[in-house]
Amino acid sequence: MPRPIHATIHLGALKHNLGIARRHAGNAKVWAVIKANAYGHGLDAAARGLRHADSFAVASAEEGLAVRAAGLTQPVVLLEGAFAPDDIAIAAREGFELVVHSAQQLAMLEAFAGGPLAFWLKVDTGMHRLGFRPEEARAAHALLQRHPLRRGSVGWMTHLARADEAGTPGVAEQLAAFTAFADIPGPRSIANSAATLAVPASHADWIRPGLALYGISPFAGRIGADEGLRPAMTFETNLIAVRAVRMGEPVGYGARWTAPEDGTIGIAAVGYGDGFPRHVPNGSLALVAGRPAALVGRVSMDMIALDLRGHPQVEVGAPVELWGAAAPIEQLARAAGMIPYELTCGVTQRVRHDVV
Ligand SMILES: *Cc1c(COP(=O)(O)O)cnc(C)c1O
């Protein structure tokens, strides 16, 4: 028998969430962001569930090659462009589109002799992470537009730092800075998930949602269902022991929790070795046989303990949902002082993925 911990990836949810993104975006096309192994969901599952996306976005040429290996033939955008000349050669061969964010990348591209290349110029309108400053952007765009190997018009893209915060002036300031280039043709892309859902003015020609496609809300205090999204991953295990605990007995490493009265605890086969967050406090909820039970004591590498007071019928083998449609990942992430991206990306290799 394998350990019971497993992640179920729901293809129907991926497809549904892509539809929600499209509904928000009107006529804009969609880059489905599937970097980091589709945010931990697995590239093959994402390739199936999101196969109707117009294009895919990843973080590196290696990830782009994995998209091709998964059988997808749509355009692929490398969100950070080329790290080295080899990446440009792969992009030319595979038809990957390159984001260009720095003078170093421009110099690499000038020196490249090979096949055709498609470019997206990244403008830093306020995120201050990657991109040309607005005063450098026109010259950089013109240089790419003159590149002898260019195919298609050079696109314009920027990234919003605070699209998840309703009403922050930062978003309008970034959009205004980007509008300064409206006189120069080329497709535009601005919106991540938060902007797709909440900032219609950012939709432009291509939206590029990631998180929302996996059914997760990008907004603090909300869950995917609040946006009409369906969780693409259920992270589940079983109870491998159900045992009595007497009043005053501590449970687990460091005796972080002590039974306040005689009761029952369940031991579930999941721990930080599977990607369950170690910093979850006492009292965080998991669903045992469909009903909430509080985590008690420290998370171990392979196990957690759950307080089964109020669960008299529960036996060894009972299913435990750690996150999924009934146990929102956003709530567990908040309890752990994390964001949902970290949880899905952090599911480790030993966890079996079932794609349904
Ligand atoms: C990861 C990424 C996205 C997707 O962001 P979400 O918040 O997951 O929707 C969009 N654009 C860029 C440049 C990214 O790196």
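Each reported figure results from applying straightforward, stated rules to the coordinates on display, with no laboratory input. On a predicted model such as this, the values are computed, not experimentally measured, just so you know. For neighbour counting, all protein chains shown are included, and Cβ atoms are generated from backbone atoms with ideal geometry for every residue, glycine included.
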Return the residue satisfying two criteria in turn: it lies in region 307-341 and is among the acidic types (Asp, Glu) and surrounded by 14 or more Cβ atoms within 10 Å (Cβ to Cβ), and of such residues it is nearest to the ligand (Cβ to nearest atom).
-> Glu330
In region 112-161, the residues that are of a type in the set (D, E, K, R) and within 16 Å of the ligand (Cβ to nearest atom) = Lys122, Asp124, Arg129
Counted residues, region 141-155 - those being over 32 Å from the mean Cα position of the chain (by Cα) and either crowded, with 16+ Cβ neighbours inside 10 Å or among the small types (Gly, Ala, Ser) (or both) = 3
So is Gly126 on the phi > 0 side of the Ramachandran plot and free of Cβ contacts under 8 Å to residues at least 24 places away in the same chain or not?
-> no
Which of the residues that make up region 92-110 are acidic (Asp, Glu) and farther than 15 Å from Glu63 by Cα?
-> Glu110
Identify all residues within region 247-273 that are exposed (fewer than 13 other Cβ atoms within 10 Å of the Cβ) and part of a helix (DSSP H, G or I); write none if there are none.
-> Tyr253, Gly254, Ala255
Which of the residues that make up region 198-246 are within 16 Å of the ligand (Cβ to nearest atom) and assigned to a strand (DSSP E or B)?
-> Trp206, Ile207, Met233
Given (1) in contact with a Phe, Trp or Tyr (Cβ under 6 Å, 6 or more places away or on another chain); (2) closer than 17 Å to Val154 by Cβ; (3) within 15 Å of the ligand (Cβ to nearest atom), number of the condition Leu79 does not satisfy | (1)
Tally of residues being of a type in the set (A, V, I, L, M, F, W, C), farther than 17 Å from Arg138 by Cβ and assigned to a loop (DSSP other than H, G, I, E, B) across region 174-197 | 2
Considering each of Gly49, Gly40 in turn, give the residue that is touching a helix residue (DSSP H, G or I) at 6+ places or on another chain (Cβ under 9 Å), on the phi > 0 side of the Ramachandran plot and touching a residue at least 24 places away in the same chain (Cβ under 8 Å).
-> Gly40
